[in-house]
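To start, the structure under review is shown below, and the notes come after it.
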Amino acid sequence: MELGRVRGTLVLNKALPALKGKKLRVVEEVDVCDIKAPGEIVISFDYIGAGEGQLVLYETGPESAMAFYPEMTGSDTNILAIVDDMDSCRQEE
């Protein structure tokens, strides 16, 4: 799983019928030890209702759809959880 921050919503004008009604989010990858550092952007399905600016856990690759088995999501990136709280990353001295 990866940590990310929801940065926005992706709106589709036309799409395959399988994508109708699905919410797509723009998610920025977050470094656990430096959550303010810029990260790579991914597009992810959002089935749990994450809001803009929230920290989320997301999974990539075919395994990301397994959380929804037996239903297939048709995505290789899915938001799986909203992060409520996180201890800061501590560097070993």
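Observations on the model:
- Cα-based reach from Lys14 at 25 Å (exclusive), listing lysines while leaving out same-chain residues under 8 positions away: Lys22, Lys23
- Theoretical FRET efficiency, 1/(1+(r/R0)^6), r = Cβ-Cβ of Val83 and Ala18, R0 30 Å, to 0.05: 0.55
- Here the gap between Ile48 and Thr60, fully extended at 0.36 nm per residue and compared with their Cα-Cα distance, gives a gain of 2.7 nm.
- Net +/- balance of residues flanking Leu12 in space, Cβ distance below 10 Å, scoring K and R +1, D and E -1: +3
None of the figures in this text is laboratory data; all of them are computed from the coordinates on show. The structure presented is a predicted model; accordingly, all values stated were derived computationally and were not measured. Glycine also receives a Cβ, built like all others from the backbone with ideal geometry; neighbour counts cover every protein chain displayed.
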